[in-house]
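Notes follow the structure.
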Amino acid sequence: MSTDSAEPIIHTCQRCGACCRWEGNVCLTNEDITAIAAYLQMDEVTFINELCHLQRNRRGLSLIDAPDGACIMLQPDNTCRIQPVKPRQCRDFPHKWNFPGWENRCPGFGKKGDSEA
């Protein structure tokens, strides 16, 4: 996973949902869990039991995947069900963290404009 790059990343989200379909965990902070559960009008225990799983390394919780492997919060129109409270990991991508090859799969890479997704 890359973090701080020497040059600023030029990226404008195209709302294509590609990043929501990539393999890997959507890691949740305690703040994410509280905010998402409240947004979905669920208590935290129910949210964790129904929409989260323990990461393989047993160091935290992640959102479960949809049957097709996409994020469980990705809707058919490529919008995020929890956009106003999406996890820190999602808010930080790709400017604060990314991984090798992401720019080849993201149509927003290299596009100037509003980079907030």
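Looking at the range 40-53, which of its residues are under 17 Å from Cys80 (Cα atoms), more than 16 Å from the chain's Cα centre (by Cα) and surrounded by 11 or more Cβ atoms within 10 Å (Cβ to Cβ)?
Leu40, Phe47
If Arg56 passes every condition in (1) within 13 Å of the chain's Cα centre (by Cα); (2) farther than 14 Å from Ile82 by Cβ but one, which one does it miss?
For Arg56, the exception is condition (1).
Only one residue in Glu31, Glu23, Glu103 is exposed (fewer than 13 other Cβ atoms within 10 Å of the Cβ) and part of a helix (DSSP H, G or I), so which one is that?
After ruling out the rest, the residue left standing is Glu31.
Asp77 - would you say it is of a type in the set (Asp, Glu), at pLDDT 80 or above and surrounded by 14 or more Cβ atoms within 10 Å (Cβ to Cβ)?
no
What tally of residues in the range 34-83 results from selecting those that are touching a strand residue (DSSP E or B) at 6+ places or on another chain (Cβ under 8 Å), of a type in the set (D, E, K, R) and outside any strand (DSSP E or B)?
1
Residues of the range 84-100 being touching a Cys at 6+ places or on another chain (Cβ under 9 Å) and either modelled with pLDDT of 95 or more or part of a helix (DSSP H, G or I) (or both), which ones?
Answer for the range 84-100, where residues must be touching a Cys at 6+ places or on another chain (Cβ under 9 Å) and either modelled with pLDDT of 95 or more or part of a helix (DSSP H, G or I) (or both): Lys86, Pro87, Arg88, Gln89, Cys90.
The values are calculated or read from the model by the stated rules, or taken from the named source; none is laboratory data. Keep in mind the model is a prediction, meaning the values are calculated, not measured. We place every Cβ from the backbone using ideal geometry, glycine too, and count neighbours over all the protein chains shown.
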